[in-house]
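Structure, as structure tokens:
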Amino acid sequence: MRLGTPRYSFALWAVTGAYLVLGLGTFAAWVITADDSWILDYFQGPGALVAVWLSATSLVLGWRAAGHFDPGQPMHQAWTLFRMSAACDLAGAVTSQVLASDGRMNPLRWTSLWSEDTAACLHKTGLILGGTLRYALLAWALWYALKAYRRSGLLARFRIADRIALAVMGGYIIWEAFATITALRVRSTSFFEVAGWPVDPLLWFLLAEALLLRRSASEMGGGSIARCWKALSTGVILVALGDILLLAWNMGYLPWPYSAIEWYVWLPAGAAFALAPAYQLESIAHAAESAAVPD
């Protein structure tokens, strides 16, 4: 990378890596001391802060990426929708990880507005903002990106590994759907639960789009653009993994505090989503530098 190229990706890797090392240290401290306050304090403090920071970074970088394309171009629309998705993620992170938390960072905790019912409502609202709404907008964004590749005749096809990954994810979604139908026979459901049902199908659709974009960019020769879509597909895969681990916890297969393993998935997933616009901006900067170099 040239001297003048912005190194957003380096900063994202460095910060996320540092927080993950800190998080794994707190997990080790819990194993040694059997005091789960180590894990709780981490995710209600530094973990929540970095999650909000990653969401805000995705929003800012997505905003800048959209500005490099003319209005009406598919990639301008793609990055505009991406930043809207990032805004939903940011709102969801603040709501579910800060305002719904019992930690010291929560300003509501010190007011008369705070209660367990309020916290539960805020947490569920944050999950809808950072889940269904976010992924719907992101799927729409990637549809425009695919449209750009299709117009240029550069749209690739799925490979065998892609089809296997989609089949595995599809099988999980079908299994979860049957499990949900079975559970509904013995209990009622809520608005928040129903609003969260589209998340898994949206993740499958997002995975298909991201894998196709990754293949298309790789066949063009790789570089930062290929890393952009690779990061995005990695983020979708990590979110799907976190979703599966969460289901395992809800069904009793992953007891507390070992279920905290699921919490550690979301930080690298957030970093992967932020890396996507970072690589796009680095690619644009590198292209501009190359064009400015005299023959």
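Numbers below:
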read-out: Any chance Gly62 is outside any helix (DSSP H, G or I) and within 30 Å of Arg150 (Cα to Cα); value: no
read-out: Selection from segment 21-39 of residues that are in contact (Cβ under 8 Å) with a residue 12 or more places away in the chain, closer than 25 Å to Leu90 by Cβ and either in a loop (DSSP other than H, G, I, E, B) or not hydroxyl-bearing (Ser, Thr, Tyr) (or both); value: Leu22, Gly23, Ile39
read-out: Residue tally, condition closer than 30 Å to Gln280 by Cα and hydrophobic (A, V, I, L, M, F, W, C), over segment 228-266; value: 14
read-out: Residue match in segment 64-74 (condition: under 19 Å from Arg134 (Cβ atoms) and surrounded by fewer than 20 Cβ atoms within 10 Å (Cβ to Cβ)); value: no
read-out: Single residue of segment 157-176 satisfying the filter (without any contact (Cβ under 8 Å) to a residue 60 or more places away in the chain and among the small types (Gly, Ala, Ser)) that is surrounded by the most Cβ atoms within 10 Å (Cβ to Cβ); value: Gly170
read-out: Evaluation of Ala120 against (1) at pLDDT below 95; (2) touching a helix residue (DSSP H, G or I) at 6+ places or on another chain (Cβ under 6 Å) (one fails), failing number; value: (2)
read-out: Single unsatisfied condition, Asp41 versus (1) closer than 21 Å to Tyr279 by Cα; (2) touching a Ser or Thr at 6+ places or on another chain (Cβ under 8 Å); value: (1)
read-out: Checking Leu154 against (1) exposed (fewer than 13 other Cβ atoms within 10 Å of the Cβ); (2) under 23 Å from Ile237 (Cα atoms); (3) touching a helix residue (DSSP H, G or I) at 6+ places or on another chain (Cβ under 7 Å), the condition it does not meet; value: (2)
read-out: Qualifying residue in segment 26-40 (condition: closer than 22 Å to Ala287 by Cα, surrounded by fewer than 15 Cβ atoms within 10 Å (Cβ to Cβ) and not β-branched (Val, Ile, Thr)); value: no
read-out: Options Ala34, Ala91, Ala48; residue that is of a type in the set (A, V, I, L, M, F, W, C) and on the phi > 0 side of the Ramachandran plot; value: Ala34
read-out: Selection count where residues are touching a Phe, Trp or Tyr at 6+ places or on another chain (Cβ under 9 Å), small (Gly, Ala, Ser) and within 15 Å of Ala148 (Cα to Cα), scope segment 66-78; value: 2
read-out: Count - residues of segment 84-100 that are over 12 Å from the mean Cα position of the chain (by Cα) and in contact (Cβ under 8 Å) with a residue 40 or more places away in the chain; value: 4
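Conditions tested, residue by residue: (1) over 14 Å from the mean Cα position of the chain (by Cα); (2) more than 17 Å from Ile164 (Cα to Cα); (3) charged (D, E, K, R).
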{"residue": "Trp204", "(1), (2), (3)": "no, no, no"}
{"residue": "Ala210", "(1), (2), (3)": "no, no, no"}
{"residue": "Glu219", "(1), (2), (3)": "yes, yes, yes"}
{"residue": "Cys228", "(1), (2), (3)": "no, yes, no"}
{"residue": "Ile237", "(1), (2), (3)": "no, no, no"}
{"residue": "Leu241", "(1), (2), (3)": "no, no, no"}
{"residue": "Ala248", "(1), (2), (3)": "yes, yes, no"}
{"residue": "Leu267", "(1), (2), (3)": "no, yes, no"}
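The values are calculated or read from the model by the stated rules, or taken from the named source; none is laboratory data. The shown structure was predicted, so the numbers you read here are calculated from the model rather than taken from an experiment. Reconstructed Cβ throughout: ideal geometry from the backbone, glycine too, with neighbour counts over all protein chains shown.
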